[in-house]
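Below is one structure, written out as structure tokens; comments come after it.
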Amino acid sequence: MTKALTYESIHVGDAMPAFTSDPITRTHLVRYAGASGDFNPLHHDETFVKMFGMPRVISHGMFVMGIVGQAVTDWVDDKNLRKFGVRFSGMTEPMDLDDPNSRDRATIVVTGNVVEKFEADGEKRMRCEIQAADKLGGVKLTGSFIAALS
Amino acid sequence: MADKSKVGMVFPPYIFEVEKGKIAEFAMAVSQKESKSQVKQIYADSGAAKAAGYKDIVPPSTFQTCFLLWGGGGLMPMLQEVGINLVRLLHGEEEYEYLLPIHPGDVMTGVIKVVEMFDKEKKGKPGKFMEFTVLEAEIRNQRGELAMRARTTLVER
């Protein structure tokens, strides 16, 4: 059971509920390309990436940030999100459907911790540090968000 | 190589009309769902959004990406104008500040400015540099109110 999100009930060091994505497939990348408008062929066209010696397409960084955004707003209400920033540190390859062993490298696990409670602009807020990594431990991004608390 | 004389340059504004179909499509993409009935309903259903205390449907937290990519001429012509080498380009950082709610029907205008360009020596590779370009966007609604700020750090390796 998730703790109620109030200034009194939240403490520095508390973990946000862990979030695990579905394994990212090329179909997810195509859907994200269409939704976002980012049609860089790096993210869907294997004949393009092979020219640069890459074995397969890679995910949009912003898709991974979008997954992290889902994890964050599963916990805090969208309307309470004040700031959300990430630093990208690793690429994500989608799973190959003919290789079940590739699922883990394409599955994103989002974790985070409350690092600060403070008041600003007349409201109570918390800052959390967050990280997204694949199930093999490869870090994709680190960052933080600020949310208002009641 | 990024052209450092471009610091301070402001790109022509881009305009994006927020549509509920686009919000639902984006929500499906980032939540890896096949239909809009499976996404968080504040992203897809006006009644559910109102019941949750919103004026109307709201977009997911990273929806801002669409404003630029669908509202402007896209990122590539902008990057070329700043002299960024696309083959060496990495997305370094992205940060959003949320100031006012955004709903379907809003018409957003974004203005992007080149705020910083600098080099950083590569770790363990003396004399080799990564080049950083930092862009900041101010996104206003049809009433001219500042609704969001976005900060993007691009890296040429």
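The values are calculated or read from the model by the stated rules, or taken from the named source; none is laboratory data. Bear in mind the structure is a predicted one, so any value in this text is a computation, not a measurement. Quick reminder, even Gly has a Cβ in these numbers, built from the backbone with ideal geometry, and neighbours come from all protein chains shown. These area figures cover heavy atoms from the full protein model, side chains too; ligands, DNA and RNA do not enter into them. Shrake-Rupley method; radii C 1.70, N 1.55, O 1.52, S 1.80 Å.
What's the total accessible area buried between chains A and B, using a 1.4 Å probe, rounded to the nearest 100 Å²?
Approximately 2900 Å², summed over both chains.
List the relative contact order of chain A as a percent without decimals, with contacts defined as Cα pairs under 8 Å and 6+ residues apart.
29 percent
Principal axis extents for chain B, Cα atoms only, whole Å, descending order, please.
The Cα atoms of chain B stretch 58, 33, 23 Å along the principal axes, largest first.
Please work out the FRET efficiency for the pair A:THR142 and B:GLN142, using the Cβ-Cβ distance as r and a Förster radius of 41 Å; give the result to the nearest 0.05.
It comes out at approximately 0.70.
Spin-label point model (7 Å from Cα, Cβ direction): what's the B:ARG88 to B:GLU116 distance in nm?
2.0 nm
With respect to the cross-link table entries A:LYS79/B:LYS50; A:LYS50/B:LYS128; B:LYS22/B:LYS55; A:LYS79/B:LYS20; B:LYS20/B:LYS40; A:LYS83/A:LYS117, which display a Cα-Cα separation exceeding 20 Å?
Over 20 Å apart, Cα to Cα: A:LYS50/B:LYS128.
Taking 7 Å along the Cα-to-C-beta vector as the label spot, tell me the A:ASP98-B:SER5 distance in nanometres, rounded to one decimal.
Result: 5.3 nm between the two label points.
At a Förster radius of 22 Å, what calculated FRET efficiency corresponds to the Cβ-Cβ distance of A:ASP22 and B:ASP56, to the nearest 0.05? All intermediate terms of the calculation are to be shown ahead of the outcome.
On the way: r = 29 Å, r/R0 = 1.30.
With R0 = 22 Å, the Cβ-Cβ based efficiency is 0.15.
Within the accessible area of the protein assembly as shown, what % is carbon and sulfur when the probe is 1.4 Å and the other protein chains stay in place?
53 percent
Inverting the mean 1/r over all pairs of different Cα atoms, compute the Kirkwood radius of the protein assembly as shown and quote it in Å.
It works out to 20.2 Å.
So what does the Cα-only Debye profile of chain A read at q = 0.12 Å⁻¹, as log10 I(q)/I(0), no solvent term?
Taking Cα atoms of chain A as identical point scatterers yields -0.55.
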